[in-house]
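> I'd like to ask some things about the structure below.
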Amino acid sequence: MKKAFLLCTVIIGLFTACNNGKTNEAAADAVVCTLPDIDAVPQYKEAVNIYLDGNQTEYVLIFRSNGCSDRLLREVENDSVALENFYITEDDLGYYYYMCSERLDAIGAKWYETHADKAVFCQDGRVFQPQDSCDFGMLIIKPGCPFEFISYIDFLTRTDSLVE
């Protein structure tokens, strides 16, 4: 999701830069602009397994695996209404993910991010692995390593003390 957002931002920025903000056809014809090589765009690190010590409250933002998004997109690619709904849903998920990360930063929490095809390990041997590579949500790990997996919305509307 972050890769797609970054790529779209870069492309929109390039189109704007190539036209110098002008919208008339003469300006567009006078400037030749080439898109950057995809390999030149900064890439986010791949999702990894998370290893926690379990001594403090920690959070893990979990997003659907890349394979899940690709599979869902292939399933709806020939249905324009389903395809539009897919992109709306992806956009909403990205927004809620962002809002969760902003809230975690605001409260000064220790947090990580990964995909649903990865696992979260505690020192005591407990492991959390989402049921499906299409799962997404917030994993809250309190001291002693009890796991609580909730939706982004539940996390954003939660009113109890988040950091201990």
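> Would you mind checking the stretch 123-145 for residues with the amide N under 13 Å from a putative spin-label position 7 Å along Cα→C-beta of N55?
Hits in the stretch 123-145 for N55 at 13 Å: 123, 143-144.
> How much accessible surface does E75 have with a 1.4 Å probe, in Å² rounded to 10?
130
> I'd like the FRET efficiency for L72 and T159, computed as 1/(1 + (r/R0)^6) with the beta carbon distance as r and R0 of 30 Å, rounded to 0.05.
0.35
The values are calculated or read from the model by the stated rules, or taken from the named source; none is laboratory data. Everything numeric in this text was worked out from a predicted model, so none of it was measured. A quick note on method: Cβ atoms are made from the backbone with ideal geometry, for glycine too, and the neighbour counts reach across all protein chains shown. What goes into the accessible areas is simple: the full protein's heavy atoms, side chains included, and nothing from ligands, DNA or RNA. Shrake-Rupley method; radii C 1.70, N 1.55, O 1.52, S 1.80 Å.
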